[in-house]
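Bear in mind that the values in this text are calculations on the coordinates, not laboratory data. The shown structure was predicted, so the numbers you read here are calculated from the model rather than taken from an experiment. Here the Cβ positions follow ideal geometry from the backbone for every residue, glycine too, while neighbour counts run over all protein chains shown.
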Amino acid sequence: MDFMLRRRSSIARAILCAASCTLALPFVANAQRVQRRPAGTVVVSNMNDHTATVIDAATGNVLATLPTGRGPHEVAISHDGRWAVISNYGPRGEAGNSITVIDVVRRRVARTLEIAGHDHPHGMAFLPGDSLLAVTAQSSEAVLIIDFASGAIRRVLPTNGRLTHMLALSADGRAMVTSNIAAGTISLVDPSGADSTVTLPVTAAPEGIAITPDGHAAWVGSDRDSVVVVVDLVKRAPVDTLRGFGLPYRLAMTPDARLAVVTDPVKAQLRIFDVATRRERATLDIPADSVVETAEVPGSPSPEGVTISGDGRWAFVTLQGRNRAITIDLDSMRIVGWAPTGTWSDGIGYSPLPSTGR
């Protein structure tokens, strides 16, 4: 049984003992709040459909459904907003080894980057300038630095950790961290290629990971211990542990390091924290109506993928258990919109650019 099946079996069991959610926040906002929703475009990967959904961020209207490779997982957006890349991890029992490139403005597939010899690409981030793309290759236990224009692999950076899955990059592109699920570690990797990778033990089965914009700290979610560990990357040591999660699956931070958002599919919650104090600011319970049979956690809307707009105002989250994506106003800490996706929506990215189709 591969890792993905084991993880899904474990969280299905965990939901049986998780507290049920009683607070349902409204999905449909009033007209005034709808007018305050963000401009731009949201791109969502659909693992079971092998597609990506392109959504108008302001209205929630689906603008296009585009083909990807098999088993698309994560989404990353270039700094200029023009390109979305989707890692084709592969469905169960099948190793993916490509990245789909989507032209956000023209809402079309522009090309496919092949990474032969490096199976199961997953976490991704564009380096500053958008000429280089960092992507984890799980089978190679490495981060690939890819020339975005040519698709050539410029560097293969070992993480020295088993099941390297997600990555996070500081704002200046000098600090990069990866989560190594089977090793219980994170890796500090130099994107420039210097042979200086450092691995730090953190917690059992670390997966979701975020880094502060200045590169001084990482927040790491444990699939097994149901905690988020805060690691001081300067001192290279854990400094805090946040508890009370069912499964802290994905994490994202605002560009000003004000807030951190953690998705929890087992408890069907989003938890929002003050990054400086590490105190919780809000918990949003996601309504469990219209949960589909393919829900990863039975009976849960399964909030999973998360991304935050460049101005730090909006968070966008996939609901794998409802085949939906939602928009959260981080000022009011409320859900202000939703949109349909394909089956088993997972990764999500946001571009401030409109998708015109031209």
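Within this structure, VAL230 fails the test of being free of Cβ contacts under 8 Å to residues at least 24 places away in the same chain and among the aliphatic types (A, V, I, L, M).
When ARG281, ARG358, ARG322, ARG334 are screened for being surrounded by fewer than 20 Cβ atoms within 10 Å (Cβ to Cβ), under 25 Å from THR100 (Cβ atoms) and basic (Lys, Arg), only ARG358 passes. For the range 326-351, a residue qualifies if it is in a strand (DSSP E or B) and of a type in the set (A, V, I, L, M, F, W, C), and the qualifying residues are ILE326, ILE328, ILE335, VAL336, TRP338, ALA339, ILE348. When restricted to residues that are of a type outside the set (S, T, N, Q) and touching a Phe, Trp or Tyr at 6+ places or on another chain (Cβ under 9 Å), the range 136-164 contains 2. Would you confirm whether or not the range 75-87 contains a residue that is touching a His at 6+ places or on another chain (Cβ under 9 Å) and either crowded, with 22+ Cβ neighbours inside 10 Å or over 15 Å from SER345 (Cα atoms) (or both)? Yes, there is a match, as at least one residue in the range 75-87 is touching a His at 6+ places or on another chain (Cβ under 9 Å) and either crowded, with 22+ Cβ neighbours inside 10 Å or over 15 Å from SER345 (Cα atoms) (or both). Restricting the first member to the range 212-227 and to residues that are without any contact (Cβ under 8 Å) to a residue 40 or more places away in the chain, and the second to residues that are part of a strand (DSSP E or B) and small (Gly, Ala, Ser), the beta-carbon pairs closer than 8 Å and six or more apart or on different chains are VAL227/GLY221. Of the strands (runs of 3 or more DSSP E) lying entirely inside the range 184-236, those containing at least 1 residues that are over 20 Å from the mean Cα position of the chain (by Cα) and either of a type in the set (Asp, Glu) or within 16 Å of VAL262 (Cβ to Cβ) (or both) span 228-232. Selection of the range 201-212 for residues being of a type outside the set (Ser, Thr, Tyr), surrounded by fewer than 22 Cβ atoms within 10 Å (Cβ to Cβ) and within 13 Å of ASP232 (Cα to Cα) yields only PRO201.
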